[in-house]
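I have placed the structure first, in the form of structure tokens, so that the comments after it can refer back to it.
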Amino acid sequence: MTQQEHNIVYRKIIHIDMDAFYASVEQRDNPELKGKPIVVGGPPQGRGGVVATASYEARKYGIRSAMPSKKALELCPHAIFLYPRFAVYKEVSQKIREIFHRYTDLIEPLSLDEAYLDVTKDKQGIGSALEIAKQIKQAIKDELQLTASAGVSVNKFVAKIASDLNKPDGLAFIGPSSIERFMEQLPVEKFFGVGKVTADKMKRQGLFTGADLKQLEEAELTRRFGKSGAFYYQIVRGIDNRAVQPHRETKSAGAEDTFPYDLTTQEEMDAELDKIALIVHERLKKHQLKGRTITLKIKYHDFRLITRSQSLPHAVDDAETIAAVSKELLAGSGLEQVKVRLLGITLSNFNEPVLKQKPGDATQLSLFDQGTQL
């Protein structure tokens, strides 16, 4: 280690991610559900039901978040489907937040079930981020009968990846001297923010790991992947200077999906908008938010991208209105002889949360694999 490296002051960042949060709360509150495949989300009957989360017993069958509930039922016919109880999850989330506050006030929630903590200077003078993570995990287990996974590192990106390494009930530390080697070995699909479509695009270009990305100059990565290319260039070298932001405000929330084949009829597109609208509805309800402006995003087969927006006289969060307005925007965009490869819906222009939050309790919506917009 050079003298210059020795003098660097590193942040101490913890990423806490609850294990199958909604499903775990349901199993905790109803012991008869323990050990059984639980799916929390929209029902498989009818159209548009979407999985919010699944227990680890259900995940063994290939069920994952944002999957259509009908598909989940096909994968596991004996799965138990439950409607989300967001008021309960929010209450539990607040108790988890109170545990965090015992150690630091620099907390950046990403959703009800995950957050970044900056413990560079911790309230109790413990000094070790790894020890703090252990204590937080134990407190959550003892006081709430739930498990969490934690990642510890010197920046947010690596801490988040680390929290996913040993799930459930995992704990992983990636120190400064290990970061570059770790990132070089990491498969591209494990990079946080790289969805399936981008990962497939990378692999078609012969980019399978961080080491492959590292061979490309920043300008080349930007040419291939847009502004995200500059981020990939930095992060594969272990550089992430983003601070934990305890007062981030959600400006918009939405979801989008890239389809395995081009859609050519309005009926196909309307059916997909119903699914996307339900995802958006569940996220808005989860965070007690309503929005007045609905924006439709359309990407055509030739990668041409357009957006269309409509502002309503009052804020909404229901799937029916979101879907109906999105379909009107779609119909008005001119669909004759077009092929659509991506659709997305975003709500913005939020009112105050339906339930008042405590100061410093702002939330940011988490990402779906398809690429939820924030």
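Some notes on this structure:
- From the list ILE136, ILE132, ILE140, ILE161, the lone residue that is touching a Lys or Arg at 6+ places or on another chain (Cβ under 7 Å), in contact (Cβ under 8 Å) with a residue 24 or more places away in the chain and crowded, with 18+ Cβ neighbours inside 10 Å is ILE161.
- Residue selected from the stretch 220-270 under the condition of a type in the set (Asp, Glu) and not in a loop (DSSP other than H, G, I, E, B), by the criterion farthest from the chain's Cα centre (by Cα): GLU267
- Within the stretch 216-275, the residues that satisfy the criterion of being of a type outside the set (A, V, I, L, M, F, W, C) and in contact with a His (Cβ under 8 Å, 6 or more places away or on another chain) are THR250, ASP262.
- Filtered by the rule that a residue be farther than 11 Å from LEU82 by Cβ and surrounded by 16 or more Cβ atoms within 10 Å (Cβ to Cβ), the stretch 38-50 gives PRO44, GLY48, GLY49, VAL50.
- Residues in the stretch 201-230 that are at pLDDT 90 or above and out of contact with any helix residue (DSSP H, G or I) (no Cβ under 9 Å at 6 or more places or on another chain): ARG204, GLN215.
- Yes/no for TYR116 being crowded, with 21+ Cβ neighbours inside 10 Å, more than 21 Å from the chain's Cα centre (by Cα) and touching a residue at least 12 places away in the same chain (Cβ under 8 Å): no
- Within the option set GLN135, GLN124, being closer than 17 Å to ARG102 by Cβ and assigned to a helix (DSSP H, G or I) holds for one residue only, GLN135.
- The set of residues in the stretch 303-349 being over 20 Å from PHE259 (Cα atoms), assigned to a loop (DSSP other than H, G, I, E, B) and not acidic (Asp, Glu) consists of GLY332 alone.
- Residue within the stretch 64-81 that is in contact with a helix residue (DSSP H, G or I) (Cβ under 7 Å, 6 or more places away or on another chain), closer than 30 Å to ILE174 by Cα, crowded, with 18+ Cβ neighbours inside 10 Å and at pLDDT below 95 present: yes
- Close contacts from the stretch 221-240, counting a first residue that is over 15 Å from MET202 (Cα atoms) and a second that is crowded, with 17+ Cβ neighbours inside 10 Å and of a type in the set (D, E, K, R), with Cβ to Cβ under 7 Å and a gap of 6+ residues or different chains, come to GLN234/ASP240; ASP240/LYS156.
- Test: residue in the stretch 16-25 that is at pLDDT below 95, small (Gly, Ala, Ser), surrounded by 18 or more Cβ atoms within 10 Å (Cβ to Cβ) and farther than 30 Å from GLU131 by Cα: no
- With respect to being touching a Leu at 6+ places or on another chain (Cβ under 8 Å), of a type in the set (Asp, Glu) and within 19 Å of ASP142 (Cα to Cα), GLU91 falls outside the description.
- In the stretch 271-302, the residue that is surrounded by the most Cβ atoms within 10 Å (Cβ to Cβ) out of those that are under 21 Å from the mean Cα position of the chain (by Cα) and part of a strand (DSSP E or B) is ILE294.
The values are calculated or read from the model by the stated rules, or taken from the named source; none is laboratory data. These numbers were taken from a predicted model, which means no experiment stands behind them. Don't worry about glycine lacking a Cβ; one is built from the backbone with ideal geometry, like all the others, and counts go over all protein chains shown.
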